[in-house]
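What follows is a set of notes on a single structure, which appears directly below.
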Amino acid sequence: MVHIKDLPDLIAVFPLPGALLLPRARLPLHIFEPRYLAMLDECMKTPHRLIGMIQPRSTPLGSEKALHSIGCAGRLTAFSETEDGRYMITLTGVSRFRLQQEVTGFTPYRRAEVSWEGFERDRGSDEQDDGFDRDEFFVLLKRFFAIHGLSTDWDSLTEANDELLINSLSMLCPLEPDDKQALLEAPSLTNRRETLVTLMEFALRGGTDEALQ
């Protein structure tokens, strides 16, 4: 278990549309922009090695600076460098956070003061989803994969525990950034599964509110 006292109040934040990281899940990233290469160099010098994944928030003026209020911090757990100086990394989700305020300074990347309050279950053991009907869920999932032309190892999916299955699909399914944010902000694994089901059903209806055929 990760204790809140061990988490820093100030972290680097990485705004990336459509990229979703969830607690205890792994997110592979390919880093090549100079500002984020600098972010990684600094991250590796810290004891916590945390980077906050957060999504830009759409605004009427289209500003890239506006961010959603909730993100998820991941610990740098895998790192390799290519011959041309790019990084291949993996972040392992530690805890969601609430953005308090951005901190200006001399770094080329963005940093923010964050609060970890309210996300205690992120830092505990794996969550369970007691009301999860797997048979019904997989019928829907196979239809969703079919319309998107997606393939997967179905045996591995069926063997995955509730949290790994739901969180992995939440991160990997082709959904809009706002939908990904809704999955991130779901307060529990059950809520996340219900949200994911709703989003897949909506996609199967062709984006309408008509009843499923």
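Please treat every number below as a calculation from the coordinates, not as lab data. This structure is a prediction, so every number in the text was calculated from the model and none was measured. All Cβ positions, glycine included, derive from the backbone under ideal geometry; neighbour counts span all protein chains shown.
Please give the calculated 222 nm ellipticity per residue for the chain, where each DSSP H segment of at least 4 residues contributes -39500 (n - 2.57) and the sum is spread over every residue; nearest 500 deg cm²/dmol?
Taking each H run of at least 4 residues, the total per residue is -9500 deg cm²/dmol.
Count the DSSP beta bridges whose two residues both fall in region 4-123, then state the antiparallel fraction as a percent rounded to the nearest 5.
Percent antiparallel among DSSP bridges in region 4-123 is about 90.
What nm distance separates the two modelled labels at Ser58 and Val103, each placed 7 Å from Cα along Cα→Cβ?
The answer from the label model is 3.2 nm.
Gaussian network model of the chain, Cα springs within a sub-10 Å range: biggest mean-square fluctuation belongs to which of Ile54, Ile166, Ile147?
Ile147
Show which lysines lie in cross-link reach of Lys180 when reach means a straight Cα distance below 29 angstrom and same-chain residues fewer than eight apart are skipped.
Within the straight-line cut-off, Lys180 pairs with Lys5, Lys65, Lys142.
Report, largest value first, the span of the C-alpha coordinates of the chain along each principal axis, in whole Å.
That gives 56, 41, 38 Å along the principal axes, largest extent first.
Quick one: what are the phi-derived ³J(HN,Hα) couplings along region 172-184, Karplus 6.51/-1.76/1.60 with θ = phi - 60°, whole Hz, x for glycine and proline?
9, 5, x, 10, 5, x, 5, 5, 4, 5, 4, 5, 4
Once all Cα-Cα distances of region 63-130 are split into 10 Å bins that start at 0, what whole-number percent is in each one?
Each 10 Å bin holds this share of Cα pairs: 16, 34, 35, 13, 2.
Under 5 Å between amide hydrogens, which residues at least 5 positions from Ser95 or on another chain qualify, with H placed 1.01 Å from N in the peptide plane?
Ala73
Measuring from label point to label point, each 7 Å out along Cα→Cβ, what is the Thr92 to Glu42 span in nm?
Result for the modelled spin labels: 2.5 nm.
Collect residues whose amide H, placed 1.01 Å from N in the peptide plane, falls under 5 Å from the amide H of Val103; neighbours closer than 5 in sequence don't count.
Arg111, Ala112, Glu113
Ranking Asp126, Asp135 by Cβ neighbours within 10 Å, fewest first, what do you get?
Starting with the residue having the fewest Cβ neighbours, the order is Asp135, Asp126.
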